Amino acid sequence: MEYPSKLIEDAVNEIAKLPGIGKKTALRLALFMLKEDEGFTKSLSDALVNLRTKTQYCRVCHNISDSETCSICASERRDKSIICVVETITDLIAIENTSQYKGLYHVLGGIISPIEGVGPGDLHLQSLIERVTASESEVKEIILALSSTMEGDTTSFFITRKLKEDAVKITSLARGVPIGSELEYTDEITLGRSILGRKAYEQG
């Protein structure tokens with residue numbers, strides 16, 4: 001693709017690095033920003049720089065946060081006796097959008113996948129175990145809201161095995177979520193009903 005300017009070409013090449021963005025879409029976005037008021041582009045660039053340099057991760061649940069502890073963990077309105085374990089922050093957001101869950105979360109940052117070289121030590125599993133087993137812990141239930149895949153089941157089994165000596169109830173999402181599906185792409189009504197209809201986790 002030929003560009004009328006090296007500046008345009010550089011902008012297109014950078015924008016096209018974003019997932020799902022091809023060169024044609026990147027060109028349209030670059031031309032859009034060029035046409036807009038300069039303040040728009042500056043606000044966008046400032047927001048992206050701040051996102052990269054100022055974003056923190058909650059020391060408790062590993063959610064994205066503006067401070068050391070995220071707003072969910074810090075809230076007095078949340079039920080501290082329940083922890084919903086999710087793979088990614090996008091899964092957390094999906095569950096929050098259902099408005100059906102009022103407990104806390106724990107973001108693993110992935111799932112166990114030997115094929116991809118991801119083991120328990122690569123995830124936030126130890127901090128989950130410590131949250132549950134701490135002497136001051138109020139946790140009575142763990143909801144395993146992981147994808148219904150072999151890797152998700154492996155991770156759920158690992159967590160269940162680690163917590164089998166503790167008097168904590170372990171549940172999983174109801175089967176409203178299709179087998180092999182990703183939570184991120186499940187509609188809010190189905191996901192909400194799966195939270196409400198959760199059941200005791202059974203080791204396969």
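Contact list please: Cβ distance under 6 Å, first residue in the stretch 28-53 and in the same structural domain as A11 (by TED's automatic domain parsing) and surrounded by 10 or more Cβ atoms within 10 Å (Cβ to Cβ), second residue part of a helix (DSSP H, G or I) and not hydrophobic (A, V, I, L, M, F, W, C), pairs at least six apart or on different chains.
Between residues of the stretch 28-53 that are in the same structural domain as A11 (by TED's automatic domain parsing) and surrounded by 10 or more Cβ atoms within 10 Å (Cβ to Cβ) and residues that are part of a helix (DSSP H, G or I) and not hydrophobic (A, V, I, L, M, F, W, C), the close pairs are M33/T41.
Among the residues of the stretch 54-66, is there at least one that is loosely packed, with under 14 Cβ neighbours inside 10 Å, in a loop (DSSP other than H, G, I, E, B) and acidic (D, E)?
Yes, the conditions are met somewhere in the stretch 54-66.
Hey, K140 hits all of (1) buried (at least 18 other Cβ atoms within 10 Å of the Cβ); (2) within 26 Å of E76 (Cα to Cα) but one; which does it fall short on?
(1)
Taking the condition within 21 Å of N63 (Cβ to Cβ) and modelled with pLDDT under 95, does T98 pass?
The answer is yes for T98.
Filter the stretch 14-43 down to the residues that are within 21 Å of M1 (Cα to Cα) and among the polar types (S, T, N, Q) and list them by number.
Once the filter is applied, which keeps residues that are within 21 Å of M1 (Cα to Cα) and among the polar types (S, T, N, Q), the stretch 14-43 yields only T25.
K162: in contact (Cβ under 8 Å) with a residue 12 or more places away in the chain, out of contact with any strand residue (DSSP E or B) (no Cβ under 8 Å at 6 or more places or on another chain), surrounded by 13 or more Cβ atoms within 10 Å (Cβ to Cβ) and not aliphatic (A, V, I, L, M), yes or no?
Criteria met by K162.
Scanning for something outside any helix (DSSP H, G or I) and among the basic types (K, R), does the stretch 36-43 turn up at least one residue?
No, every residue in the stretch 36-43 fails to be outside any helix (DSSP H, G or I) and among the basic types (K, R).
Return the only residue of A94, A74 being on the phi < 0 side of the Ramachandran plot, in contact (Cβ under 8 Å) with a residue 60 or more places away in the chain and among the small types (G, A, S).
Among A94, A74, only A94 is on the phi < 0 side of the Ramachandran plot, in contact (Cβ under 8 Å) with a residue 60 or more places away in the chain and among the small types (G, A, S).
Run R78 past the list (1) loosely packed, with under 11 Cβ neighbours inside 10 Å; (2) within 27 Å of the chain's Cα centre (by Cα); (3) not hydroxyl-bearing (S, T, Y) and report the number of the one that doesn't hold.
Going through the list (1) loosely packed, with under 11 Cβ neighbours inside 10 Å; (2) within 27 Å of the chain's Cα centre (by Cα); (3) not hydroxyl-bearing (S, T, Y), R78 breaks only (1).
Among the residues of the stretch 128-148, which ones are farther than 15 Å from T88 by Cα and β-branched (V, I, T)?
Of everything in the stretch 128-148, those that are farther than 15 Å from T88 by Cα and β-branched (V, I, T) turn out to be I129, V132, T133, V139, I142.
The values are calculated or read from the model by the stated rules, or taken from the named source; none is laboratory data. All values reported here derive from a predicted model rather than from experimental measurement. Virtual Cβ from ideal backbone geometry, glycine too; neighbours counted across all protein chains shown.
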